[in-house]
There are 2 protein chains.
Amino acid sequence: MKRVTLKDVALEAGVSINTASRALNNKPEISPETKEKVLKVAQSLGYRPNRLARALRSNKTGTIGVIVGDIANPYFSMLVRGIERTARQFDYSVILQGTDEDYDREEEAIEIALAEQVDGILITPTQKGTDTIEELVASGTPFVLMSRYFKELDTDYVVMDDRRGGFLATEHLIQRGHRRIAILNGPLHISSAIERYEGYLQAFKRYGLDPDKALVAEGCLTVEDGYRAALCLLDGPERPTAVFAFSDFVAFGVLRAANELDLRVPDDLAVVGFDDTLFGVCMRPPLTTVGGSPEGLGEQAARLLFDRVDRGQTDPVKLRLPVRLVQRKST
Amino acid sequence: MKRVTLKDVALEAGVSINTASRALNNKPEISPETKEKVLKVAQSLGYRPNRLARALRSNKTGTIGVIVGDIANPYFSMLVRGIERTARQFDYSVILQGTDEDYDREEEAIEIALAEQVDGILITPTQKGTDTIEELVASGTPFVLMSRYFKELDTDYVVMDDRRGGFLATEHLIQRGHRRIAILNGPLHISSAIERYEGYLQAFKRYGLDPDKALVAEGCLTVEDGYRAALCLLDGPERPTAVFAFSDFVAFGVLRAANELDLRVPDDLAVVGFDDTLFGVCMRPPLTTVGGSPEGLGEQAARLLFDRVDRGQTDPVKLRLPVRLVQRKST
DNA sequence: TTGTATGCGTTATCAA
DNA sequence: TTGATAACGCATACAA
């Protein structure tokens, strides 16, 4: 039951350990016959290279660290799915960690990933500070920010066109006749929250309207957050006629609240989400949302990272993926 | 920027490389003074042990492989979240892979995990065959099956009490007066699908009723599957008055179909899901479901695995977690 | 084209 | 209590 090593293969094939290595790694300096022989022996012995030894020697582990906010958030799930698929294609393994949007946890996650000696890191930073990311920069390990970026840090990232998304969502609501449009935004230290808000304001401006500060809420990240914030917001007499939620995840909470308050959507309350996750279409009514492809973002970020790992650093690449309005029945 | 190694620490502290190792690993055979000295030097130099070298030497990587059907399925997301949290607690890293319920992909995933020399594997088998799992057994790597098990294989597993769940769901529908109760089941090679079906039949029997074979569909795993199957099932004249779906994920598709067909839930159609995922409560109406805790299952499976890794094999442990009916408004 | 020898950073076995 | 030394499995510079 012992593991078959290169030595075993070499011995069995009657060549040196090193010739065996060459054969198995497609090195040029080897005769076709010996190569074939070694390959056959390796096959028959069921040889599997020991990645640890290889990694130790070559300083490449073939793994990447993936750090996201919340694994159970469908946006991140889809993101991770896109990453995992792409990674597999490139023969990388994915070490997954969730931060629950906690800064300390983010720091820990980065340290763990570094300790695992991953070849690169894909991270959705909590943005509660920059120390963690600066530590990452200092480590020299290639990394790509996903979905969020730092204005003050010159790093690779792949994000959605959040400002445009915020604009599209808000414009859509305005065009449907809404004026009292609430925004249940994410925490404002997160770039996507800031930019979606900017898009929101931009739409108001474009249409010569004034937004009502009382309808701006921030800090919503989960279904629960959306639910609570919506309950609060929809309780008063001066309630909004429409809500633009930071994410589908948050929007689901809003729909729950609307449901419990017996508000009809979209007649009493229009709702727009963000991300176009799998479940929007199952809501009642189906959720209007701003779509980018989370899986696509994951894939692009992964590809960018692998490029970095292979080819090294050039100028930072900053990708801003297009979004579009996916209109359904909630508006 | 070079990495600090044990050698550097030993050199700096003026001890042998091996004494340094002992100091850092809390070995008993060392004097308190030297230990303290080494520790201080290590600290100041920013020494981080190289896990690869350690793993190579000790044959323990500190990682586990986690293989699930579909990362974007909220059930699996929650499962993974439970695993990741627990793993972190035990100082293990998680290498995640998805199979998309494809058997070849499962085989590949297992091979990759083995190649990564994980200390153990947590897997939701596709159950399209037993070869993959038998390969796993042969490898000697500890593993725990999650959510599904093989009758014919004597392995560790953690599953929900699916039969009871199927019974509870069906009984509930019967008690609400339904007789034409459809089941949109998963593929019947999956143990949980079989057992939920058994529970379904058992409930009919208990109440002296006869199930209608025409209302039994299988093979539903995704939202899309549920949607299509429901459209088909609800189209005819003899349509069911209630549907028991294999999972919340599938139930969401059913709700979508009902919505599009203008069927009122629960008046025209009652719907019960399974798993109690995050979104059931956001549906309209909120989804009645059979709840176990996916995160809890993940945690238990992980704990069991770590126990195996540490203490080695004893008799297989077979855990069947309790379920309960979570009644909401869809029934 | 092939083989020898060395080192990657640890841990473990011995002897001192 | 400590230190020299040998593995762990692989890759590569260099010699043959």
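The values are calculated or read from the model by the stated rules, or taken from the named source; none is laboratory data. None of the values given here were measured: they were computed from a predicted structure. Cβ sites come from the backbone with ideal geometry, for glycine too, and all protein chains shown count toward neighbours.
Would you check which residues across the stretch A:32-44 are within 12 Å of DNA strand D (Cβ to nearest atom) and small (G, A, S) and list them?
Keep residues of the stretch A:32-44 that are within 12 Å of DNA strand D (Cβ to nearest atom), which gives A:38, A:42.
The answer is A:A42, and nothing else.
Annotation note: of A:F90, A:F76, the sole residue that is more than 10 Å from every other protein chain (Cβ to nearest Cβ), away from DNA strand D (no atom under 16 Å from the Cβ) and among the aromatic types (F, W, Y) is A:F90.
When A:D91, A:D100 are checked against the criterion of being in the same structural domain as A:V137 (by TED's automatic domain parsing), modelled with pLDDT under 95 and either over 21 Å from B:E116 (Cβ atoms) or assigned to a loop (DSSP other than H, G, I, E, B) (or both), A:D91 stands alone in meeting it. When restricted to residues that are surrounded by 12 or more Cβ atoms within 10 Å (Cβ to Cβ) and either in a helix (DSSP H, G or I) or away from DNA strand D (no atom under 12 Å from the Cβ) (or both), the stretch B:6-31 contains 14. Pairs are defined by a Cβ separation below 6 Å, a sequence spacing of at least 6 or placement on different chains, a first member in the stretch B:84-111 that is closer than 20 Å to B:A138 by Cβ and in contact (Cβ under 8 Å) with a residue 24 or more places away in the chain, and a second member that is part of a helix (DSSP H, G or I) and among the charged types (D, E, K, R); the pairs so defined are B:T99/B:R105; B:T99/B:E106.
Return yes or no: is A:T132 under 14 Å from the mean Cα position of the chain (by Cα) and either surrounded by fewer than 23 Cβ atoms within 10 Å (Cβ to Cβ) or more than 12 Å from chain B (Cβ to nearest Cβ) (or both)?
So A:T132 does not fit the description; no.
Condition check for B:L215 on (1) within 13 Å of B:L269 (Cβ to Cβ); (2) surrounded by fewer than 17 Cβ atoms within 10 Å (Cβ to Cβ): one failure, at (2). Could you please let me know if A:A55 is touching a helix residue (DSSP H, G or I) at 6+ places or on another chain (Cβ under 7 Å), within 22 Å of B:I110 (Cβ to Cβ), within 12 Å of DNA strand D (Cβ to nearest atom) and assigned to a helix (DSSP H, G or I)? Yes, satisfied. Residues of the stretch A:254-295 that are among the small types (G, A, S) and within 21 Å of the chain's Cα centre (by Cα): A:G273, A:G280, A:G291, A:G292, A:S293. When the residues of the stretch B:249-296 are filtered to those that are polar (S, T, N, Q) and more than 9 Å from chain A (Cβ to nearest Cβ), the one that is surrounded by the fewest Cβ atoms within 10 Å (Cβ to Cβ) is B:S293. Scanning the stretch A:100-117 for residues that are in contact with a Pro (Cβ under 9 Å, 6 or more places away or on another chain) and within 29 Å of A:L56 (Cβ to Cβ) yields a count of 2.
Looking at A:T222, A:T155, A:T141, A:T124, can you tell me which residue is under 21 Å from the mean Cα position of the chain (by Cα) and modelled with pLDDT under 95? Please lay out each step first, then the result.
Numbers: A:T222 fails: modelled with pLDDT under 95; A:T155 fails: modelled with pLDDT under 95; A:T124 fails: modelled with pLDDT under 95.
The conditions single out A:T141.
Of all the criteria given as (1) more than 8 Å from chain B (Cβ to nearest Cβ); (2) touching a Gly at 6+ places or on another chain (Cβ under 8 Å); (3) charged (D, E, K, R), the one not satisfied by A:E106 is (2).
If you go through the stretch B:298-305 one residue at a time, do you hit one that is over 30 Å from B:T61 (Cα atoms) and either more than 9 Å from every other protein chain (Cβ to nearest Cβ) or in contact (Cβ under 8 Å) with a residue 12 or more places away in the chain (or both)? Spell out the reasoning first.
Residues of the stretch B:298-305 over 30 Å from B:T61 (Cα atoms): none.
Scanning the stretch B:298-305, I find no residue that is over 30 Å from B:T61 (Cα atoms) and either more than 9 Å from every other protein chain (Cβ to nearest Cβ) or in contact (Cβ under 8 Å) with a residue 12 or more places away in the chain (or both), so the answer is no.
Considering the conditions (1) surrounded by 15 or more Cβ atoms within 10 Å (Cβ to Cβ); (2) within 11 Å of DNA strand C (Cβ to nearest atom); (3) not aliphatic (A, V, I, L, M), B:T34 is excluded by exactly one of them, (2).
Applying the criterion of at least 3 residues that are closer than 26 Å to B:L231 by Cα to the strands (runs of 3 or more DSSP E) found wholly in the stretch A:273-329 leaves A:288-291.
For the stretch A:170-204, taking the residues that are among the aliphatic types (A, V, I, L, M) and in a loop (DSSP other than H, G, I, E, B), the one that is farthest from A:E238 (Cα to Cα) is identified as A:I190. Pick from the stretch B:135-162 the residues that are within 14 Å of chain A (Cβ to nearest Cβ) and of a type in the set (V, I, T): which of them is nearest to B:R51 (Cα to Cα)? Result: B:T141. Pairs meeting the criteria (first residue in the stretch A:35-56 and in contact (Cβ under 8 Å) with a residue 60 or more places away in the chain, second residue within 14 Å of DNA strand C (Cβ to nearest atom), beta carbons under 7 Å, at least 6 apart or on different chains) are A:A55/A:T61; A:A55/B:L52.
Within the stretch B:64-73, take every residue that is surrounded by 20 or more Cβ atoms within 10 Å (Cβ to Cβ) and more than 7 Å from every other protein chain (Cβ to nearest Cβ) and give me the one that is nearest to A:F279 (Cα to Cα).
Applying the first criterion (surrounded by 20 or more Cβ atoms within 10 Å (Cβ to Cβ)) to the stretch B:64-73 yields B:64-69, B:71-73.
Pick out the ones that are also more than 7 Å from every other protein chain (Cβ to nearest Cβ) and you get B:64-69, B:73.
Details: B:I64: 30, B:G65: 28, B:V66: 25, B:I67: 23, B:V68: 20, B:G69: 18, B:N73: 10 Å.
Across the stretch B:64-73, the extreme among qualifying residues is B:N73.
Restricting attention to the stretch A:16-65, report how many residues are among the hydroxyl-bearing types (S, T, Y) and closer than 18 Å to B:V118 by Cα. I'd like the intermediate steps shown before the answer.
Looking only at the stretch A:16-65, we keep the residues that are among the hydroxyl-bearing types (S, T, Y), and these are A:16, A:19, A:21, A:31, A:34, A:44, A:47, A:58, A:61, A:63.
From what's left, closer than 18 Å to B:V118 by Cα: A:47, A:61, A:63.
Residues that pass the stated criteria total 3.
Considered as a group, the residues in the stretch B:43-59 that are more than 10 Å from every other protein chain (Cβ to nearest Cβ) and in contact with an Asp or Glu (Cβ under 9 Å, 6 or more places away or on another chain) include one that is nearest to DNA strand C (Cβ to nearest atom), and that residue is B:Y47.
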